[in-house]
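The values are calculated or read from the model by the stated rules, or taken from the named source; none is laboratory data. Source: prediction; values computed, not measured. With ideal geometry, Cβ positions are generated from the backbone for all residues, glycine too; neighbour counts draw on all protein chains shown.
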Amino acid sequence: MTQATPFLMFQGGAAQPALDLYLATFPDSRVLHVERYAAGEPGPEGSIKVARFVVCGQAFMCSDSPVKHDFDFTPSSSIFVEFDSQDVLDRIFDVLAEGGRVYMPLGDYGFSRRFGWVSDRFGVSWQLSLPLSA
(Lines give C-alpha, C1' and ligand atoms only; values in the text may rest on other atoms or scores of the structure.)
Protein backbone atom coordinates (compact mmCIF):
# COMPACT_ATOMS: atom_id res chain seq x y z
CA MET A 1 0.00 0.00 0.00
CA THR A 2 1.26 3.49 -0.82
CA GLN A 3 1.11 5.78 2.18
CA ALA A 4 2.36 9.27 3.10
CA THR A 5 3.62 9.92 6.65
CA PRO A 6 4.88 13.24 8.03
CA PHE A 7 8.57 12.90 8.99
CA LEU A 8 10.30 15.17 11.52
CA MET A 9 14.09 15.31 11.39
CA PHE A 10 15.68 16.58 14.59
CA GLN A 11 19.28 17.53 15.22
CA GLY A 12 21.46 17.39 18.31
CA GLY A 13 19.56 14.61 20.06
CA ALA A 14 16.26 16.51 20.26
CA ALA A 15 14.06 13.70 18.91
CA GLN A 16 13.50 11.97 22.25
CA PRO A 17 12.64 15.12 24.24
CA ALA A 18 10.32 16.25 21.43
CA LEU A 19 8.66 12.85 21.32
CA ASP A 20 8.24 12.93 25.12
CA LEU A 21 6.62 16.38 24.91
CA TYR A 22 4.18 15.41 22.17
CA LEU A 23 3.14 12.15 23.83
CA ALA A 24 2.58 13.88 27.18
CA THR A 25 0.70 16.81 25.62
CA PHE A 26 -1.61 15.54 22.88
CA PRO A 27 -4.55 13.14 23.27
CA ASP A 28 -4.62 9.81 21.41
CA SER A 29 -0.81 9.73 21.19
CA ARG A 30 1.56 6.79 21.57
CA VAL A 31 4.85 5.29 20.39
CA LEU A 32 4.55 2.53 17.81
CA HIS A 33 8.25 1.69 17.37
CA VAL A 34 11.65 3.17 18.21
CA GLU A 35 14.97 2.08 16.73
CA ARG A 36 18.09 3.61 18.30
CA TYR A 37 21.63 4.01 17.09
CA ALA A 38 24.02 1.41 18.49
CA ALA A 39 27.71 1.87 19.25
CA GLY A 40 29.71 2.27 16.06
CA GLU A 41 26.76 3.49 13.97
CA PRO A 42 26.67 6.99 12.43
CA GLY A 43 24.51 8.59 15.15
CA PRO A 44 25.28 9.00 18.85
CA GLU A 45 24.61 5.76 20.70
CA GLY A 46 21.06 5.67 22.07
CA SER A 47 19.76 8.52 19.91
CA ILE A 48 16.74 7.85 17.70
CA LYS A 49 17.54 6.30 14.33
CA VAL A 50 13.84 6.20 13.47
CA ALA A 51 10.66 6.32 15.53
CA ARG A 52 7.08 5.76 14.48
CA PHE A 53 4.48 7.37 16.69
CA VAL A 54 0.92 8.70 16.73
CA VAL A 55 -0.23 12.20 17.70
CA CYS A 56 -3.98 12.84 17.83
CA GLY A 57 -4.52 9.64 15.86
CA GLN A 58 -2.14 10.71 13.04
CA ALA A 59 0.94 8.59 12.30
CA PHE A 60 4.33 10.35 12.24
CA MET A 61 7.96 9.38 11.96
CA CYS A 62 11.02 11.12 13.36
CA SER A 63 14.76 10.74 13.73
CA ASP A 64 17.90 12.35 15.10
CA SER A 65 20.03 13.22 12.09
CA PRO A 66 23.62 12.08 12.53
CA VAL A 67 24.58 14.77 10.00
CA LYS A 68 24.60 18.44 11.04
CA HIS A 69 22.50 20.37 8.51
CA ASP A 70 22.45 24.10 7.78
CA PHE A 71 18.65 24.02 7.88
CA ASP A 72 16.01 23.20 10.44
CA PHE A 73 12.23 23.38 10.70
CA THR A 74 10.38 26.30 9.13
CA PRO A 75 6.96 27.66 10.11
CA SER A 76 5.83 27.44 6.49
CA SER A 77 5.34 23.71 7.08
CA SER A 78 3.17 23.10 10.10
CA ILE A 79 1.00 20.52 11.79
CA PHE A 80 -2.64 21.58 11.84
CA VAL A 81 -4.68 20.23 14.76
CA GLU A 82 -8.42 20.72 15.19
CA PHE A 83 -9.88 20.47 18.67
CA ASP A 84 -13.40 20.04 19.98
CA SER A 85 -12.58 21.68 23.33
CA GLN A 86 -11.28 25.20 23.91
CA ASP A 87 -9.82 24.18 27.27
CA VAL A 88 -7.72 21.44 25.66
CA LEU A 89 -6.64 23.76 22.83
CA ASP A 90 -5.61 26.48 25.29
CA ARG A 91 -3.66 24.05 27.49
CA ILE A 92 -1.78 22.53 24.56
CA PHE A 93 -1.03 25.95 23.06
CA ASP A 94 0.51 27.05 26.38
CA VAL A 95 2.63 23.90 26.61
CA LEU A 96 3.92 24.26 23.04
CA ALA A 97 4.57 28.01 23.42
CA GLU A 98 6.80 27.48 26.47
CA GLY A 99 10.31 28.02 25.15
CA GLY A 100 8.94 28.32 21.61
CA ARG A 101 7.65 31.17 19.49
CA VAL A 102 4.10 32.45 19.03
CA TYR A 103 3.28 33.50 15.46
CA MET A 104 -0.43 34.14 16.05
CA PRO A 105 -1.69 34.36 19.63
CA LEU A 106 -4.89 32.56 20.52
CA GLY A 107 -7.87 34.45 19.17
CA ASP A 108 -10.87 34.57 16.86
CA TYR A 109 -9.56 35.32 13.37
CA GLY A 110 -12.89 34.68 11.64
CA PHE A 111 -12.03 31.31 10.10
CA SER A 112 -12.33 29.42 13.40
CA ARG A 113 -13.73 30.20 16.85
CA ARG A 114 -10.25 30.06 18.36
CA PHE A 115 -6.92 29.73 16.62
CA GLY A 116 -3.25 29.98 17.49
CA TRP A 117 0.00 29.33 15.61
CA VAL A 118 3.15 28.45 17.52
CA SER A 119 6.52 26.79 17.05
CA ASP A 120 7.52 24.62 19.98
CA ARG A 121 10.97 24.73 21.60
CA PHE A 122 12.20 22.20 19.02
CA GLY A 123 11.16 24.41 16.09
CA VAL A 124 8.16 22.33 14.97
CA SER A 125 5.29 24.60 13.86
CA TRP A 126 1.73 23.91 15.05
CA GLN A 127 -1.55 25.51 14.00
CA LEU A 128 -4.23 24.84 16.63
CA SER A 129 -7.86 25.48 15.78
CA LEU A 130 -11.32 25.25 17.29
CA PRO A 131 -13.48 25.07 14.14
CA LEU A 132 -16.53 27.28 13.71
CA SER A 133 -18.71 24.15 13.71
CA ALA A 134 -17.27 22.66 16.93
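Within the stretch 6-42, the set of residues being closer than 12 Å to Q58 by Cβ and among the aromatic types (F, W, Y) comprises Y22, F26.
Of all residues in the stretch 121-134, which are closer than 20 Å to A14 by Cα and either modelled with pLDDT under 95 or touching a strand residue (DSSP E or B) at 6+ places or on another chain (Cβ under 8 Å) (or both)? Before the answer, list the steps.
Step one: of the stretch 121-134, the residues closer than 20 Å to A14 by Cα are 121-126.
Of everything in the stretch 121-134, those that are closer than 20 Å to A14 by Cα and either modelled with pLDDT under 95 or touching a strand residue (DSSP E or B) at 6+ places or on another chain (Cβ under 8 Å) (or both) turn out to be F122, V124, S125, W126.
All of (1) over 17 Å from D28 (Cα atoms); (2) in contact with a Ser or Thr (Cβ under 9 Å, 6 or more places away or on another chain); (3) in the same structural domain as L32 (by TED's automatic domain parsing); (4) not polar (S, T, N, Q) hold for P44 with one exception: (2).
When the residues of the stretch 55-108 are filtered to those that are surrounded by 14 or more Cβ atoms within 10 Å (Cβ to Cβ) and of a type in the set (F, W, Y), which remaining residue is farthest from E41 (Cα to Cα)? The residue in question is F83.
If you check V88 against the conditions, is it closer than 21 Å to P17 by Cα and either modelled with pLDDT of 95 or more or part of a strand (DSSP E or B) (or both)? In short, no. Whether a residue is under 16 Å from T74 (Cβ atoms) and not basic (K, R) was assessed, and S112 does not pass this test. Can you name the condition, by its number, that V118 falls short on among (1) within 30 Å of G13 (Cβ to Cβ); (2) at pLDDT below 95? The single condition V118 does not satisfy is (2).
Restricting attention to the stretch 109-134, the residues that are surrounded by 20 or more Cβ atoms within 10 Å (Cβ to Cβ) and of a type outside the set (S, T, N, Q) total 10.
For the list (1) in the same structural domain as P17 (by TED's automatic domain parsing); (2) in contact (Cβ under 8 Å) with a residue 40 or more places away in the chain; (3) more than 18 Å from the chain's Cα centre (by Cα), I need the number of the one condition that F60 fails. Failing condition for F60: (3).
Among the residues of the stretch 106-124, the one identified as free of Cβ contacts under 8 Å to residues at least 12 places away in the same chain and of a type in the set (S, T, Y) is Y109. Among the residues of the stretch 28-79, which ones are of a type in the set (F, W, Y) and assigned to a loop (DSSP other than H, G, I, E, B)? Correct list: Y37, F71, F73. Note on the stretch 57-76: residues that are at pLDDT 95 or above and farther than 18 Å from A15 by Cα total 1.
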